[in-house]
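Colleague: Structure below; questions to follow.
Just so it is clear, none of the values below were taken in a lab; they were calculated from the coordinates. If you're wondering where the values come from, they're calculated on a predicted model, not measured in any experiment. Don't worry about glycine lacking a Cβ; one is built from the backbone with ideal geometry, like all the others, and counts go over all protein chains shown.
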Amino acid sequence: MEIKGKIVQVLQTVSGIGKNGEWKNQQIVVETFGNYPKNVCLKLAKNDMIDKFNIGQFVTFSVEVESREYNGRWYTDVKVWKYDLDNSITHNETPSPSQSQQVEVDFDIPQQAAMSNDLPF
């Protein structure tokens, strides 16, 4: 899956020691393009990606989404495994919808709710 957007926040690098040795990661927040932009928090777990990004950069990230359960609660990570800097877009311009790839999500709306004028929530 790919997420394309503008970096709006770079969080502090976090490190520690676990059962497999020393680890290091960093999170960044990316604002996606489109009519309804979303902020997505991405986890950088590869050492060659940490401390490489700046606010305002336009980047395309290849990510994998993974959820895990701990003590009855579920936690989801959006992990970056590859990135491409988009130098063709300047800080003052917003890409057109044709330049950005949007992820489509299909929600199953019950047939009865889809036919009525009532909101489903």
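Colleague: With r as the distance between the Cβ atoms of residue 11 and residue 64 and R0 = 22 Å, compute the FRET efficiency 1/(1 + (r/R0)^6) and round to 0.05.
Modeller: Given R0 = 22 Å and the Cβ-Cβ separation, E is 0.65.
Colleague: Can you give me the relative contact order of region 31-86 as a percent, contacts being Cα pairs under 8 Å and 6 or more apart?
Modeller: 36 percent
Colleague: Taking a spot 7 Å from the Cα of residue 86 along the direction of its beta carbon, which residues of region 4-31 have an amide N less than 19 Å from it?
Modeller: Correct set: 4-10, 28-31.
Colleague: Can you give the net charge of the other residues whose Cβ lies under 10 Å from the Cβ of residue 78, counting K and R as +1 and D and E as -1?
Modeller: Surrounding charge for residue 78 is -1.
Colleague: How long is the gain from residue 1 to residue 50 if the chain were fully straight, where each residue apart is worth 0.36 nm and the alpha carbon distance is subtracted?
Modeller: Length gained between residue 1 and residue 50: 15.6 nm.
Colleague: At a Cα cut-off below 28 Å, give the lysines reachable from residue 19, other chains included and same-chain residues fewer than 8 away excluded.
Modeller: 43, 46, 52, 79, 82
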